[in-house]
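Report on the structure given below.
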Amino acid sequence: MNTNQNRPLSRAALSRRRALQLFGATGSAAFLAACAGPGSGGGDGGTSEENGGAFEGEVDGSISFAHWRAEDQAILAELIEEFIAEHEGVSISQDISPSNDYQSNALQQIRTGNIGDLFVAFRGAQFEDMVDAGLYTDLSGTGVPDLYNASLIDSGARDGVQYGLPYQLVFNQPITNLDLLEQAGITEPPGDWEGWLAMCEAIMSLDKVPMAWSGGEIGNAGHLFNAMVMNNAPSDDMCVKIETGEYKVTDDWFLHTLSQYEELRPYFQANSTGTAVEPVQQMFAQGDAALLMTGSFHMAAVRELGAEFPFGMAAPVTVSAEERKYEGVHNATFVLGVNSASDNQATALEFLRFLSESGPASTYANGTSQHLTVSDVDYDNEDLDATTDWLDKETMLAARFQFNDLDIRNAAEQACIDVVGGTSVDEAAEQAQEIIDQRINR
């Protein structure tokens with residue numbers, strides 16, 4: 001991502017632009033704010049011209065920023081402090097919701113205009129729903145999208161309109177304790193399914209849990225789903241086709257995937273299907289488990305819990321090395337946008353602009369151990385540096401976010417959880433397909 005293409009404007013140039021366009025300047029502080037604060041009222045989405053200068057106005061007053069990244073609170077608080085020091089009269093409030101709650105409730109909360117002058121969405125179903133609801137204000141003509149790597153922000157666009165900007169480039173695949181893997185004789189991520197199972201056996205011989213998995217929390221349990229289907233599915237749009245009915249979870253390829261979940265059952269911690277994400281993060285941080293089955297977005301949280309060992313990443317390859325198409329999974333998500341119902345869009349936009357500049361973006365990236373889609377980010381975080389090789393690997397855009405119907409997605413992923421919990425492959429698939437059929441035919 002250290003490209004000079006679309007290099008951000010200097011602060012001086014931005015100041016001149018702001019004065020000309022009557023845009024104010026908000027700061028990097030905003031990124032921490034979540035869902036609390038006096039929002040606004042009135043307004044709808046549309047192009048910049050249709051909005052009649054919706055972004056014009058003084059940069060002043062209070063805004064709220066709705067998001068789900070509680071683990072980023074400390075670094076974002078620093079950025080908020082910096083922003084407020086530079087822009088007197090502006091305040092930013094936050095109300096950070098757990099990711100599952102945000103997935104379920106954010107649309108209704110934000111559309112009132114009472115919260116989320118600047119807000120985010122998950123790539124896929126939530127973003128599409130928020131666009132349909134008119135929550136996003138078109139960013140065309142603001143210049144902010146030009147600060148991003150154009151090839152990485154498609155998930156924030158529809159029909160050629162850039163409604164939102166996916167901020168984070170994450171890897172939805174297990175992070176690894178390299179010290180434990182070395183003790184188990186593993187120096188490279190296994191390149192096939194037999195190698196993955198052999199790795200798990202080697203870790204068990206150390207009296208360690210191979211895979212810490214939050215199977216009791218479907219939002220985080222589902223990250224494993226991405227890797228399990230990436231090489232098994234007949235096409236890369238497998239989840240789209242499950243949703244349309246062209247593919248079924250009772251098809252052979254999905255039954256095979258479920259049978260592989262069954263093979264993994266002995267290698268998860270006890271009661272894995274009843275465990276939330278915080279306990280498995282703790283287990284991993286303490287060195288009791290070799291792999292945390294979520295993604296790169298949890299590296300910073302694990303460091304906060306005291307982990308001192310070096311990190312790597314490894315995704316299960318469910319086929320032979322010859323059949324392998326993908327080595328892992330990536331996602332461009334955390335889709336930032338300005339609320340059409342906000343009465344302080346000028347401040348919200350400049351808040352977004354500030355976050356999109358190279359300096360604040362680099363601070364956020366290194367402070368939270370996350371790669372970003374912003375152009376010209378400087379990575380000096382050792383965990384990011386240790387995992388930058390994944391930027392050049394063949395990784396698939398996370399399949400689970402192809403689902404636009406969350407009930408269908410949950411049904412497919414719950415089948416995987418049920419199999420690990422002891423339900424037979426056929427029964428779990430049939431139960432899931434029944435729910436999917438009901439949603440398709442409703």
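The values are calculated or read from the model by the stated rules, or taken from the named source; none is laboratory data. Predicted, not measured: the structure shown is a model, and the values here were computed from it. Counting neighbours? That spans all protein chains shown, and the Cβs are built from the backbone with ideal geometry, glycine included. To get the accessible areas, we keep the full protein, side chains included, count just its heavy atoms, and leave off ligands, DNA and RNA. Shrake-Rupley method; radii C 1.70, N 1.55, O 1.52, S 1.80 Å.
Restricting segment 397-412 to residues that are polar (S, T, N, Q) and under 15 Å from Asp129 (Cα atoms) leaves a set whose member that is least open to solvent (accessible area, probe 1.4 Å) is Gln402. Would you please name the residue that is surrounded by the most Cβ atoms within 10 Å (Cβ to Cβ), looking only at residues in segment 267-284 that are part of a helix (DSSP H, G or I) and more than 21 Å from the chain's Cα centre (by Cα)? Only one residue tops the list, namely Ser272.
Please count how many residues of segment 285-294 are outside any loop (DSSP other than H, G, I, E, B) and under 19 Å from Pro98 (Cβ atoms). The total comes to 1. Candidates Met238, Met293: the one that is more than 19 Å from Ile203 (Cβ to Cβ) and either more than 20 Å from the chain's Cα centre (by Cα) or open to solvent by less than 40 Å² (accessible area, probe 1.4 Å) (or both) is Met238. Scanning segment 120-132 for residues that are under 16 Å from the mean Cα position of the chain (by Cα) and under 17 Å from Asn100 (Cβ atoms) yields Val120, Ala121, Phe122, Arg123, Gly124, Ala125, Gln126, Phe127.
Of all residue pairs spaced 6 or more apart or on separate chains, those with beta-carbon atoms under 8 Å, a first member in segment 77-101 that is farther than 16 Å from Phe119 by Cα and a second member that is among the acidic types (Asp, Glu) and surrounded by fewer than 17 Cβ atoms within 10 Å (Cβ to Cβ) are Gly89/Asp60; Val90/Asp60. Residues in segment 199-231 that are crowded, with 21+ Cβ neighbours inside 10 Å and polar (S, T, N, Q): Ser214, Asn220, Asn226, Asn231. Given the structure, is Asp378 assigned to a loop (DSSP other than H, G, I, E, B) and within 22 Å of Arg69 (Cα to Cα)? Yes; evaluated as a whole, the condition is true for this residue. The residue that is most open to solvent (accessible area, probe 1.4 Å), among those in segment 420-442 that are over 24 Å from Ser214 (Cα atoms) and either assigned to a loop (DSSP other than H, G, I, E, B) or of a type in the set (Asp, Glu) (or both), is Arg442.
Considering Thr363, Thr373, Thr318, Thr368, the condition of being among the β-branched types (Val, Ile, Thr) and touching a strand residue (DSSP E or B) at 6+ places or on another chain (Cβ under 6 Å) is satisfied by Thr373 alone. Of the residues making up segment 296-319, those that are farther than 24 Å from Asp207 by Cα and open to solvent by 40 Å² or more (accessible area, probe 1.4 Å) number 1.
If I filter segment 98-115 for residues that are at negative phi, of a type in the set (Gly, Ala, Ser), assigned to a loop (DSSP other than H, G, I, E, B) and surrounded by fewer than 24 Cβ atoms within 10 Å (Cβ to Cβ), do I get at least one hit? No.
Among the residues here, Leu355 does not qualify as surrounded by fewer than 24 Cβ atoms within 10 Å (Cβ to Cβ), assigned to a helix (DSSP H, G or I) and either among the acidic types (Asp, Glu) or out of contact with any Lys or Arg (no Cβ under 8 Å at 6 or more places or on another chain) (or both).
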